[in-house]
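Please read the structure below before turning to the comments.
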Amino acid sequence: MEDVDDFGPEKIVEVYDPSVGMRGVLVIDNTALGPGKGGIRMTPTVGIHEVKRLARAMTWKCSLAGLPFGGAKSGIVANPRAMSPKRKAEIVKAFAKSIQELSPSRYICAPDMSMAEPEMRIIAKVNGKKSVTGKPKELGGLPHELGSTGWGTFHAVRVAAKFIGLPLKGATVAIEGFGNVGWFVAKFLCEAGAKLVAVSDSRGMIYNPGGIHFEELAAVKKEKRTVTKYLPGKIMPNDAMPGLKVDILVTAAVPDFISVRDVKRIKAKLIVEGSNIPMTASVERLLWKRGVTIVPDFVANAGGVISSYVEHRGGSEKKMFKLVKDIVSKNTLKVLKEAKKENITPREAALDMAKQRILKARKQS
Ligand code: GLU
């Protein structure tokens, strides 16, 4: 049996549809503040343990952002790169059907890794518009492809850099991942005058200490499907990124990207977690002891779920961008100030705040 604690999970459901070869899992972690909210990812390796950790990150994320949602997450075990769009659609449809009883009453779905607008459209068709966010505009949605998560993560970087006295202009940045989060963070940071020196994707990393031109990189990615074809630059393995000499490191792709082995070689002054669970809390603590400032995932990457909230309430794109900026900036500063004052890690400070809201809601119910 999986571990549980005072907060959850409330439900773990494994779903299968042998007729189409679909295997998936849904974890509803905590619904004290509202229906469980969280994205669905499709990867070959996703499993209960990962989804459970991600669902917990959503519980804290929604609470800290002040949203009327609990935390949940789901995953489909499949390799999206090794299938036709038709096959992917079939699997997503089977997954949506399999969670029909729980959605939208206890779970509201959203995009996550390898799941975007087209898949949200399928889910809306099967389980209704209220069961999913990040939908296409014509369904009343605010697609996450508008860049909400990257926009929020950028503001977390901006506020945290200011907090530690690091001018963004000229600061060197490495970004892990050039998907829907990393692409936007890179764009906004370059516009703010930061110097992008390393970017990775699933095929490797491109490193150029002299600076990478964002528009050119974006064009290469679009045409050649990988950042490693960008020139000039050195192609390196992704696991070399934590050791690079940069001021700022932004994670924007896979879980557990930074491990305990990286702690001693990290030179970045600031790490902002645009991805979910890029390292464990104990690794964060070791880095913090070495003087690295970290903005935890559920503080930095809340932009996506804030966008989901605005969509759920029928709000506009303009309202979404404003709310993402306001909430993520405010919470980043609050968490860093509290951590400094109490001499605790930013995650510990943020967790205290997130827990308080849930416990209060529980008392009142
Ligand atoms: N996948 C995004 C996240 O991890 C969005 C979740 C949502 O909007 O429910 O925060």
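The values are calculated or read from the model by the stated rules, or taken from the named source; none is laboratory data. These numbers were taken from a predicted model, which means no experiment stands behind them. Backbone-built Cβ (ideal geometry, glycine too); neighbour counts: all protein chains shown. We work out accessible area using only protein heavy atoms, side chains counted, and drop any ligands, DNA or RNA first. Shrake-Rupley method; radii C 1.70, N 1.55, O 1.52, S 1.80 Å.
Tabulated data
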{"read-out": "Extension gain from A192 to K245, taking 0.36 nm per residue of separation minus the Cα-Cα distance", "value": "17.1 nm"}
{"read-out": "Coordinate range along principal axes, alpha carbons of the range 227-314, Å, largest first", "value": "45, 37, 20"}
{"read-out": "Entries in K93/K229; K130/K169; K130/K363 that, when Cα-Cα distance is taken, lie over 31 Å", "value": "K93/K229; K130/K169"}
{"read-out": "Share of pairwise Cα separations in the range 1-152, more than 28 Å, in percent", "value": "12 percent"}
{"read-out": "Inter-centroid distance (Cα atoms) of the range 198-251 relative to the range 1-71, Å", "value": "32 Å"}
{"read-out": "Portion, in percent, of the accessible area of the range 14-58 that falls on carbon or sulfur, probe 1.4 Å", "value": "55 percent"}
{"read-out": "Too-long pairs where the Cα-Cα distance tops 31 Å, listed order kept, from K267/K360; K61/K137; K52/K97", "value": "K267/K360"}
{"read-out": "5 angstrom amide H check on G47, placed H, neighbours 5+ away", "value": "none"}
{"read-out": "Amide H contacts of V132 (H built 1.01 Å from N, under 5 Å, at least 5 apart or other chain)", "value": "C109"}
{"read-out": "Contour minus Cα-Cα distance for T280 and K130 (0.36 nm per residue)", "value": "50.7 nm"}
{"read-out": "15 Å Cα-Cα reach of K11 towards aspartates and glutamates, excluding residues that sit fewer than 8 places from it in its own chain", "value": "E2, D3, D29, E50, E101"}
{"read-out": "Carbon and sulfur %, accessible surface of the range 74-120 computed with the full protein complex present, 1.4 Å", "value": "52 percent"}
{"read-out": "Solvent-accessible area per residue, Å², over the range 112-259 with all protein chains present [probe radius 1.4 Å]", "value": "41 Å²"}
{"read-out": "Whole-Hz couplings from phi, Karplus 6.51/-1.76/1.60, listed for the range 63-73; x for Gly and Pro", "value": "5, 4, 6, x, 8, x, 10, x, x, 7, 6"}
{"read-out": "For the range 168-182, Karplus couplings with θ = phi - 60° (6.51, -1.76, 1.60), whole Hz, Gly/Pro x", "value": "5, 4, x, 5, 7, 10, 10, 10, 8, x, 10, x, 5, 9, x"}
{"read-out": "Accessible area in square angstrom per residue, the range 280-329, 1.4 angstrom probe", "value": "41 Å²"}
{"read-out": "Probe 1.4 Å - accessible area at S329, Å² to nearest ten", "value": "20 Å²"}
{"read-out": "Relative counts (whole %) of C-alpha pair distances in the range 266-365, using bins that are 5 Å wide", "value": "2, 12, 20, 21, 18, 14, 8, 4, 1, 0"}
{"read-out": "Amide H within-cut-off set for A194, under 5 Å, with H built and near neighbours excluded", "value": "G170"}
{"read-out": "Isotropically averaged projected area of the range 177-300, using the convex hull of Cα atoms (one quarter of hull area), nm²", "value": "6.9 nm²"}
{"read-out": "Gain on full stretching of the segment that runs from M353 to K137 - 0.36 nm per residue minus C-alpha separation", "value": "74.4 nm"}
{"read-out": "Cα shape, the range 312-365, gyration tensor, a/c 1.5 rule", "value": "oblate"}
{"read-out": "Spatial separation of Cα centroids for the range 290-356 and the range 95-141, in angstrom", "value": "24 Å"}
{"read-out": "Listed pairs K37/K325; K245/K340; K73/K224 exceeding 22 Å between Cα atoms", "value": "K245/K340; K73/K224"}
{"read-out": "Heavy-atom surface of the range 1-50, accessible at 1.4 Å and reported per residue (Å²)", "value": "48 Å²"}
{"read-out": "Rounded to whole Hz, the Karplus (6.51, -1.76, 1.60) HN-Hα couplings of the range 114-121, x for glycine and proline", "value": "6, 10, 9, 2, x, 6, 5, 4"}
{"read-out": "The chain - Rg (one decimal) and Dmax (whole number), Cα, Å", "value": "19.4, 59"}
{"read-out": "Set of the range 186-227 residues, backbone N closer than 17 Å to the point 7 Å along the Cα-Cβ line of K234", "value": "196-200, 204-212"}
{"read-out": "For the range 184-232, convex hull of alpha carbons as volume per residue, Å³", "value": "65 Å³"}
{"read-out": "Probe 1.4 Å - accessible area at E215, Å² to nearest ten", "value": "110 Å²"}
{"read-out": "Of all accessible heavy-atom area on the range 199-346, the percent that carbon and sulfur account for (1.4 Å)", "value": "54 percent"}
